Amino acid sequence: MAKRSSRKVYEGWCRRCQSMKKHRLVGWNEEAELAWLRCSGCHTTYAIETFRLLPDGRFVDATSEKAADPGPEAFEVVEYDPAATYQVGQLIHHPVFQDVGRVTAVVHHGRSSRIVVDFENVGQKVLVEGRMLWR
């Protein structure tokens, strides 16, 4: 198990911005040895293996050109939006739950679709997808 760092900000390569950016630590899962970092530029959230977080405040992303240690790629975490559609295995961040989860199933019922998501802290939830909600 990786020991959780007290550091809140890391610097590393953002695949979306295509540059070095500061990333804020927004989540940590000790069992899976994953940390979630959000880019300060584009606000994309990535799941990074904890061994890639360096003590000097940098992180090494496996997809970056600067990666010294080849290994599993970082998984992009997308922000949940009821109007969007999702695939099984995709990682999503829910803004209300403030939690990250993996889509385990997509269920279609006529014109409506729902996704089943296993969240780290709040457990399994069923959410709508591909649907415009009126505000």
Under Karplus coefficients 6.51, -1.76 and 1.60, residue-wise ³J(HN,Hα) of the range 38-51 in Hz, glycine/proline x: 10, 5, 6, x, 9, 6, 6, 9, 10, 8, 10, 4, 4, 5
Euclidean distance of C-alpha centroids, the range 31-50 and the range 7-27, integer Å: 8
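Quick note: the coordinates plus some simple rules give every number you see, no bench work behind them. All of these numbers come straight from a predicted model, not from anything done at the bench.
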